[in-house]
Amino acid sequence: MNASSLLTPHSSPEIPVIAIDGPSASGKGTVAALVAKELGFHYLDSGAIYRVTALAALRAGIALDDEAALARLAGHLDVRFDNGEIWLGGEKAGEDVRSEASGNAASRIASLPSLRQALLEFQRSFRTAPGLVADGRDMGSVVFPDATLKIFLTASAGIRAERRYKQLMEKGMHANLSQILQDIQQRDARDSARSVAPLQKFADAHLLDTSTLNIAEAVNEVLAHYRDSVRQAS
């Protein structure tokens, strides 16, 4: 899927959107994917789009502070999401796109206004019937401000670090818990302080702290909020 071919308006208020925002390693991706599956909706992992862009930039030798070059790259991004796999330039991106290096690089480039604008309509193009569940940092505030339901999903930094550590170890990848915690804290600070679309909970979003919840409980909370929002709208 080429980003430049999708730069058309997709503001379709009749198509429901559940926007799930939150900090790194909060579990929002897993929750969002399961909610989408339960409802039969499409799923957008916006973080993966920034990770793929960062990975493409690293592979192309583009500096992560070269805003103009990154925006041009995003405008011709050849990325496809298929059955849980991410394809970049016709090849599976593999675990590279989920690495801590790609995550940190994605957080760095996400603060660049031109890049965010280049990817905005690309993300909105995922809003197709019967509905969409989108997770990220600014899904409810910028990308889908008219979302049917907005969730701000979070957990303590320590809990998030432990979850990420366990996830990496289960995949057989090297991981250091203290380093992961430090990376998460730095990413939180960077994402919250950026001038463009900072990570924050807005008044119209429901706060969901998963520090003491398992995945199934978190999914059920989101589904309950969604059903309430549908009843209120009818």
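For segment 118-133, the criterion of being under 12 Å from Gly22 (Cα atoms), surrounded by 21 or more Cβ atoms within 10 Å (Cβ to Cβ) and of a type outside the set (D, E, K, R) is satisfied by no residue at all.
Can Leu44 be described as within 23 Å of Leu112 (Cα to Cα), at pLDDT 85 or above, part of a strand (DSSP E or B) and out of contact with any helix residue (DSSP H, G or I) (no Cβ under 6 Å at 6 or more places or on another chain)? Steps first, answer last, please.
Working: within 23 Å of Leu112 (Cα to Cα): yes; at pLDDT 85 or above: yes; part of a strand (DSSP E or B): yes; out of contact with any helix residue (DSSP H, G or I) (no Cβ under 6 Å at 6 or more places or on another chain): yes.
Taking the combined requirement at face value, the residue satisfies it.
Taking segment 28-47 as the range and being over 25 Å from Ala197 (Cα atoms) and of a type in the set (Ser, Thr, Tyr) as the test, no residue passes.
Restricting attention to segment 12-41, the residues that are crowded, with 23+ Cβ neighbours inside 10 Å and either outside any strand (DSSP E or B) or within 9 Å of the chain's Cα centre (by Cα) (or both) add up to 11. Among the criteria (1) farther than 30 Å from Leu112 by Cβ; (2) touching a Lys or Arg at 6+ places or on another chain (Cβ under 7 Å); (3) among the acidic types (Asp, Glu), the one Glu217 does not fulfil is (2). Residues in segment 143-162 that are assigned to a helix (DSSP H, G or I) and more than 13 Å from the chain's Cα centre (by Cα) were compared, and the one that is surrounded by the fewest Cβ atoms within 10 Å (Cβ to Cβ) is Gly158.
If you scan segment 63-77, which residues turn out to be outside any helix (DSSP H, G or I), surrounded by 14 or more Cβ atoms within 10 Å (Cβ to Cβ) and among the hydrophobic types (A, V, I, L, M, F, W, C)? Leu64, Leu77, listed by residue number.
Against the condition assigned to a helix (DSSP H, G or I), touching a residue at least 24 places away in the same chain (Cβ under 8 Å) and under 16 Å from Asp135 (Cα atoms), how does Val219 come out, does it pass? Before you say what the answer is, go through the steps one by one.
Details: assigned to a helix (DSSP H, G or I): yes; touching a residue at least 24 places away in the same chain (Cβ under 8 Å): yes; under 16 Å from Asp135 (Cα atoms): yes.
Judged against the criteria, Val219 is a match.
It is to be established whether one or more residues within segment 199-214 are among the small types (Gly, Ala, Ser), out of contact with any strand residue (DSSP E or B) (no Cβ under 6 Å at 6 or more places or on another chain) and part of a helix (DSSP H, G or I). Looking through segment 199-214, none of the residues is among the small types (Gly, Ala, Ser), out of contact with any strand residue (DSSP E or B) (no Cβ under 6 Å at 6 or more places or on another chain) and part of a helix (DSSP H, G or I).
The values are calculated or read from the model by the stated rules, or taken from the named source; none is laboratory data. Quick caveat, the model's predicted, so the values are computed rather than measured. So basically every Cβ, Gly included, is an ideal-geometry build from the backbone, and we count neighbours across all protein chains shown.
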